[in-house]
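The values are calculated or read from the model by the stated rules, or taken from the named source; none is laboratory data. Quick caveat, the model's predicted, so the values are computed rather than measured. Glycine also receives a Cβ, built like all others from the backbone with ideal geometry; neighbour counts cover every protein chain displayed.
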Amino acid sequence: MPSKSFHIKRISLVLVCVAIFVCLGFTFWYALWLRPALQTPLAESLKLPTVSFGATTVPWKKPLCGDQPELLVLMVGIDYRGTEYLYGLADVIRVVRVDFTKPQVNIVALPRALLVNIPEDRFDVPGPILLNQSYFFGTPGMGHYKGSAYGAGALADAIQYNFAESVDHYIVVDFQTFVNFIDAIGGIEVDLPTYVDNRPDAFFPAGPQILNGSQALQLARIRKKYSDLSRINNQTIILRAIFRRLREPRVIAKFPEILAVIKNAVVTDATLNQIRDAICLLKLLPEDNLLFFDPPEELLIYDEEYIPTLNQNMQIYRWDKRLIQWIHESLYTSE
């Protein structure tokens, strides 16, 4: 009859074999499925034409999160209320430089009404156009752009073509996603320097106030009685409030729930690994290292221009190389 020690040895051998099989199974699962899934873009990757602008050289440092020292990201809010992101104009346009080494985030606003030219070999509509139209012509519903990533790709291409900044990735949200996101984080607190009057639809007094998603959207879109630059300033106030809220421990603890609300409603070519890195950076980022830049009024000329695709004169902003320089300096300035 086998001894007790023999049974123990046999059980130990079985457990060791099971452990080896589990480890091998996990290794194959990670290598063949999980790792590729974490590194796969969630939407079509952005592939802009290769252009040399004499890029700014940034000394390499070890990133605090992930393995990329910096990224340039195009953030877009569109005015589309349908589903599947078939159409839409770019209502909010921000170019964001994320420095994972310092850490620091620079957020640069571009007016939607900037008059821009478009590359004729990639757009099949006549120019000039307004900057926000470039997104529209690239959408799946319009199909007037021959490059990658639909509307986001078309807008990124127009920015590169006119302002010499090549973004790495994009993130696009529509109205309803924005509203749902603000509600998911419990609203935001803004402090308006002056009242914003859009009666009879909305009125926001000066001073601190809590906004839900619908109210935040109303404030972000108000342009009647005000200029496009005033709307950009209001949007920046909202973005500051969002980032402040996202840094709160109780909101950080809810990130899985928040992501569940918006994960299928945001269009981005970021990977799950990059989203993880962004959350990591957010926890480390000092508030003073979150920098916002709104275009100075003296760099823009308010005027009218005939827009062939609209068959009418439109109010636009003209600009020159000073704006290009301001955009670049704003993205790469360091506090």
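For the reader, a short list of remarks on this structure follows.
- Selection status of Glu84, without any contact (Cβ under 8 Å) to a residue 12 or more places away in the chain and surrounded by fewer than 22 Cβ atoms within 10 Å (Cβ to Cβ): no
- Residues in the range 138-161 that are surrounded by fewer than 22 Cβ atoms within 10 Å (Cβ to Cβ) and either part of a helix (DSSP H, G or I) or not hydroxyl-bearing (Ser, Thr, Tyr) (or both): Pro140, Gly141, Met142, Gly143, His144, Lys146, Gly147, Gln160, Tyr161.
- Residues located in the range 70-116, provided they are touching a Leu at 6+ places or on another chain (Cβ under 9 Å) and not in a strand (DSSP E or B): Asp79, Tyr80, Leu89, Phe100, Thr101, Lys102, Pro103, Leu110, Pro111, Arg112, Ala113
- Flag for Ala260 being within 18 Å of the chain's Cα centre (by Cα), modelled with pLDDT under 90 and in a helix (DSSP H, G or I): yes
- Positions within the range 176-197 being in contact with a strand residue (DSSP E or B) (Cβ under 8 Å, 6 or more places away or on another chain) and either surrounded by 15 or more Cβ atoms within 10 Å (Cβ to Cβ) or on the phi > 0 side of the Ramachandran plot (or both), in sequence order: Phe178, Phe181, Ile182, Gly187, Ile188, Val190, Leu192, Val196
- Count - residues of the range 282-298 that are over 14 Å from Arg244 (Cα atoms) and in contact (Cβ under 8 Å) with a residue 12 or more places away in the chain: 5
- Residues that are closer than 28 Å to Ile252 by Cβ, out of contact with any helix residue (DSSP H, G or I) (no Cβ under 8 Å at 6 or more places or on another chain) and not hydrophobic (A, V, I, L, M, F, W, C), drawn from the range 277-314: Asp277, Pro286, Asp288, Asn289
- Members of the range 81-139 found to be within 17 Å of the chain's Cα centre (by Cα), under 24 Å from His328 (Cα atoms) and aliphatic (A, V, I, L, M), listed by number: Ala90, Val92, Ile93, Val95, Val96, Val98, Val105, Ile107, Val108, Ala109, Leu110, Leu131
- Per this entry, Asp191 is not counted among residues that are farther than 26 Å from Pro41 by Cβ, assigned to a helix (DSSP H, G or I) and in contact with a helix residue (DSSP H, G or I) (Cβ under 8 Å, 6 or more places away or on another chain).
- Here the condition is being assigned to a loop (DSSP other than H, G, I, E, B), closer than 23 Å to Leu259 by Cβ and in contact (Cβ under 8 Å) with a residue 24 or more places away in the chain; of Val167, Val172, it holds for Val167 alone.
- In the range 299-335, the qualifying residues are those that are in contact (Cβ under 8 Å) with a residue 60 or more places away in the chain and exposed (fewer than 11 other Cβ atoms within 10 Å of the Cβ), and the one that is nearest to Asn117 (Cα to Cα) is Ser334.
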